[in-house]
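The values are calculated or read from the model by the stated rules, or taken from the named source; none is laboratory data. Not measured: the values here are computed from a predicted model. Note that we place each Cβ from the backbone using ideal geometry, even for glycine, and neighbour counts take in every protein chain shown.
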């Protein structure tokens, strides 16, 4: 069987790329992607991979400003000629699932989410980008309207969808009218060790972008000067968040893995305020035996056991988070680091590879006979 892999873009090594990495370890063949940034792929499994890029790669500042070319994404992904392959495996959170295939080819899509800014986060995206009014807003709305039509239409190019959580399976059903099989993403839990001696500080770690709600976490702790918060991560909102931070909030910016792991192991709890499709970092925190205080919506409700490996708060507000932290401190003694670690192991990388390969092998057998 000739197999090709398709991924939206390779300009960073985030959660979607960890999934692609595990898939590539199973199927080390050609990778097709809109654009790649070689510097960001250095020392990764993709550094020596045979990666084919689209015409967007040659456009000005494409490696960093590729989202400016959103209008051309559908055209670019359709230009890949995959006719020589028997099986196409796409890893898609934008347009990868829209590659052109024929009736003799099997297309399996691991769907991280239907395009967020065209569907669920459409109004929030326009508001945060300052595109509510004016000519630029009209253009942005027209582009996203076109993306929605294209995205819905191309869902029938996929033979089988795999969702990264039950939460996303519902979104796939709502958006595309398609059923999907849930296979949770791979988390490198083996890279983390349990630390039972917790220290008197809380931790959060994330890219500093609006939907991660790091500003909400910082505001909450700034109102609780007796509690210490450590924040790891960088991004466009860093300076804005820094201005909101009280003396009890320590912003460390970007930190290498070993530093992040050290803080994650020692923290009394990890704070997570985003509504994520899955959420790998809360699982990594649990792999350290660290309980998670999380916004109780999205994929995290499938990875954190409320009252056993963490605590949920109901709304993305400062008041709701403060109440959850107080609730956690009243019940702190019930959280067993070893039990928390045990829960994380259900999401291991080896488990993902086993489930994914079994699924692909079965569908190949059914499709080709």
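Pull up segment 28-60, narrow it to residues that are without any contact (Cβ under 8 Å) to a residue 24 or more places away in the chain and crowded, with 16+ Cβ neighbours inside 10 Å, then point me to the one that is farthest from the chain's Cα centre (by Cα).
So, considering only residues that are without any contact (Cβ under 8 Å) to a residue 24 or more places away in the chain and crowded, with 16+ Cβ neighbours inside 10 Å, the one farthest from the chain's Cα centre (by Cα) is 59.
Which is over 21 Å from the mean Cα position of the chain (by Cα) and in a loop (DSSP other than H, G, I, E, B), of 225, 236?
Values: 236 fails: over 21 Å from the mean Cα position of the chain (by Cα).
Only one candidate passes the filter, namely 225.
Residues that are in contact (Cβ under 8 Å) with a residue 40 or more places away in the chain and within 18 Å of residue 215 (Cα to Cα): does segment 243-256 have at least one?
No, every residue in segment 243-256 fails to be in contact (Cβ under 8 Å) with a residue 40 or more places away in the chain and within 18 Å of residue 215 (Cα to Cα).
Of all residues in segment 61-72, which are without any contact (Cβ under 8 Å) to a residue 12 or more places away in the chain and over 21 Å from the mean Cα position of the chain (by Cα)?
Start the filter on segment 61-72 by keeping residues that are without any contact (Cβ under 8 Å) to a residue 12 or more places away in the chain, which leaves 61, 65, 67-68.
The answer is 61, and nothing else.
Among the helices (runs of 4 or more DSSP H) contained in segment 118-214, which hold 1 or more residues that are surrounded by fewer than 20 Cβ atoms within 10 Å (Cβ to Cβ), without any contact (Cβ under 8 Å) to a residue 60 or more places away in the chain and touching a strand residue (DSSP E or B) at 6+ places or on another chain (Cβ under 8 Å)? Let's see the steps before the verdict.
On the way: elements: 122-128, 135-153, 166-176.
Here the list reads 166-176.
Conditions (1) assigned by TED's automatic domain parsing to the domain that holds residue 216; (2) assigned to a strand (DSSP E or B); (3) closer than 22 Å to residue 308 by Cα, marked per residue:
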position	(1), (2), (3)
252	yes, yes, no
262	yes, no, no
270	yes, yes, yes
277	yes, no, yes
281	yes, no, yes
285	yes, no, yes
289	yes, no, yes
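Please enumerate the residues belonging to segment 337-349 that are without any contact (Cβ under 8 Å) to a residue 40 or more places away in the chain and closer than 17 Å to residue 198 by Cα.
339
Residue check, residue 361 against (1) outside the structural domain of residue 270 (by TED's automatic domain parsing); (2) touching a residue at least 60 places away in the same chain (Cβ under 8 Å), all met but one. Which one?
(2)
Yes or no: segment 322-340 includes at least one residue that is surrounded by fewer than 16 Cβ atoms within 10 Å (Cβ to Cβ), touching a helix residue (DSSP H, G or I) at 6+ places or on another chain (Cβ under 7 Å) and part of a helix (DSSP H, G or I).
Checked against the condition, which is being surrounded by fewer than 16 Cβ atoms within 10 Å (Cβ to Cβ), touching a helix residue (DSSP H, G or I) at 6+ places or on another chain (Cβ under 7 Å) and part of a helix (DSSP H, G or I), segment 322-340 yields no hits at all.
Looking only at segment 291-311, filter to residues that are touching a helix residue (DSSP H, G or I) at 6+ places or on another chain (Cβ under 7 Å) and in a strand (DSSP E or B); which one of those is surrounded by the fewest Cβ atoms within 10 Å (Cβ to Cβ)?
311
Only residues that are closer than 20 Å to residue 319 by Cβ and out of contact with any strand residue (DSSP E or B) (no Cβ under 6 Å at 6 or more places or on another chain): list them for segment 229-244, please.
241, 244
Assess whether residue 42 counts as being out of contact with any strand residue (DSSP E or B) (no Cβ under 6 Å at 6 or more places or on another chain), farther than 19 Å from residue 111 by Cα and modelled with pLDDT under 95. Quick ask: steps written out before the conclusion?
On the way: out of contact with any strand residue (DSSP E or B) (no Cβ under 6 Å at 6 or more places or on another chain): yes; farther than 19 Å from residue 111 by Cα: yes; modelled with pLDDT under 95: yes.
Considered against the rule, which asks whether it is out of contact with any strand residue (DSSP E or B) (no Cβ under 6 Å at 6 or more places or on another chain), farther than 19 Å from residue 111 by Cα and modelled with pLDDT under 95, residue 42 comes out as yes.
Condition (residue is free of Cβ contacts under 8 Å to residues at least 24 places away in the same chain, assigned by TED's automatic domain parsing to the domain that holds residue 99 and more than 19 Å from the chain's Cα centre (by Cα)) applied to segment 8-27: is it met by at least one residue?
no
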